[in-house]
Structures are given as structure tokens and as C-alpha cells.
Amino acid sequence: MSDSIIVARPQGQPQQLMLLFHGVGASADDMLPLGRALSEEFPDAFVVSVAAPADSGAQGGREWFSVRDIDEQNRPARVDAALPVFIETVRDWQRQAGVDTDAVALIGFSQGGIMALEATREQPAIAGRVVSIGGRFAQLPAAPNAGTTLHLLHGKLEAAQHLVAIGGDVTADVIPFVGHQINDDVATLLIERLRGHLPRRTWEAALQAARAGDARAEED
């Protein structure tokens, strides 16, 4: 998308791709402070602030789907209609970065968080990590995507509880006294989650490898 902004692109082969998605009525510019903070912490990451495709009606504002007359009944259909373009956008940036899916992180705020979460329904997974800041699922999933770790910041507690109940790999955090915004505290916590949380699939693969090694040792 021509209005998207490349925040950082390493000189060599990127090790991660971080795609940032703004809220409704905002623009790619609004995610630049977070993008710069991420690029400082992850110097080998290709970081892009992605512009939503549609004009929201606000001056310079963009959106993935219209929120005019939106309610709980029609929201899922609007999200579904926007998902193909969203998913192709992710795949296009992944092709440009030349990284594996597990190295892709989708980081969305508000409506951008909704789109990132809903994209986890895609099989196989399109990202190893999805971060939703002040976002939500349009509809709670019936099953988790085993290829994606979810980080919910200022999301709904019920969603996190549901994801845990169905076997999802998820972290959930609420920062006191922070409104619907991305401030330094949110950015710091996000970086901590990206750095410190070991995805369940990585842990399980390590356990399987250790068991296989033990079995071979017993045979010897």
C-alpha cells in the first residue's frame, strides 16, 4: 500500500518482520512512535506501519472496515469482507522481507488489533505472533491456531479466558490508568512480551526433541 511507511529495514537479511496496524480514522503515521521503539529494540527487524486501504471519512484517516452503524451482529461480516486484503497485505510484506512465517509479528491497535486477531483464523498461520492492543475478536474462535502466539494488551479478559480454555497460547495484560492509547508503558510491556515469552510450540518442539534423544540413548 502506497501510504504504508517502512519504519526500519536492516541492511542485511531481516530476522523478523513486524507489521503495525493503526486504528480506525487514524493513519500509518500514528503507529510511528511504537514502530521506532520496536526498531531500536529489534535492530534486525523489518518494521512497517501499514496503512488501511479505505478512506474513513476523517481527514487523512483510514480504515479496514466501516464502523458506520456497526453493531455486534454486522461486525463479523464486515471483518470477513476485509480479511482477504488484510491477509494478502501481510503475505506481500512477508515476501518483501524474505522471512519465515514464524518470524512475522502482527501488532494492531483497536481496529488494527481486530483485524490481526481475526487473521489468526487463517490456516496455516500467517504470523508467529499477533499482538492486539485495545482490540478484540469479532467472534471468539472455536479453536486456537497452533502456529500463532497471541498477546492481548488491554483486551477483554473474557477473550483471554476463552483462548486459554480452548488451548491457545496467549498472554493477557491490563495496565492500570491507561486509556485507549499506546503510551510508553504499553510499548515497554509489548517489548517484554515479544522478548520474554517462549511460544508454546517452541517449548513443545524442544520437549519432543529431548524425548527423542532419550529414546535413542536407551536404544544404544
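The values are calculated or read from the model by the stated rules, or taken from the named source; none is laboratory data. All values reported here derive from a predicted model rather than from experimental measurement. Here Cβ is always computed from backbone atoms with ideal geometry, including for glycine, and neighbour counts include all displayed protein chains. Side chains are part of the model used for accessible areas, which takes the heavy atoms of the whole protein and leaves out ligands, DNA and RNA. Shrake-Rupley method; radii C 1.70, N 1.55, O 1.52, S 1.80 Å.
Structural remarks
- With respect to the stated conditions, GLY61 is open to solvent by less than 10 Å² (accessible area, probe 1.4 Å) and without any contact (Cβ under 8 Å) to a residue 40 or more places away in the chain.
- Residues in the stretch 71-92 that are touching a helix residue (DSSP H, G or I) at 6+ places or on another chain (Cβ under 8 Å) and closer than 24 Å to PRO14 by Cα were compared, and the one that is surrounded by the most Cβ atoms within 10 Å (Cβ to Cβ) is PHE86.
- Residues in the stretch 1-32 that are surrounded by fewer than 15 Cβ atoms within 10 Å (Cβ to Cβ) and closer than 22 Å to SER56 by Cβ: 3 in all.
- Extreme residue, nearest to ILE87 (Cα to Cα), among residues of the stretch 35-71 that are assigned to a loop (DSSP other than H, G, I, E, B) and of a type in the set (S, T, N, Q): SER66
- Qualifying positions in the stretch 106-125 - without any contact (Cβ under 8 Å) to a residue 60 or more places away in the chain and open to solvent by 10 Å² or more (accessible area, probe 1.4 Å): ILE114, THR120, ARG121, GLU122, GLN123, PRO124, ALA125
- Test: residue in the stretch 186-194 that is at pLDDT 90 or above, open to solvent by less than 60 Å² (accessible area, probe 1.4 Å) and closer than 20 Å to GLN94 by Cβ: yes
- When ARG95, ARG68 are checked against the criterion of being closer than 18 Å to ALA26 by Cα and open to solvent by 50 Å² or more (accessible area, probe 1.4 Å), a single residue qualifies: ARG68.
- Among the residues of this structure, GLY23 does not count as one that is within 21 Å of ASN183 (Cβ to Cβ) and either of a type in the set (Asp, Glu) or outside any loop (DSSP other than H, G, I, E, B) (or both).
- Output for the stretch 85-105, where each listed residue is of a type in the set (Val, Ile, Thr) and touching a residue at least 60 places away in the same chain (Cβ under 8 Å): THR89, VAL90, VAL99, VAL104
- Evaluation of GLY23 against (1) small (Gly, Ala, Ser); (2) under 20 Å from ARG91 (Cβ atoms); (3) touching a His at 6+ places or on another chain (Cβ under 9 Å) (one fails), failing number: (2)
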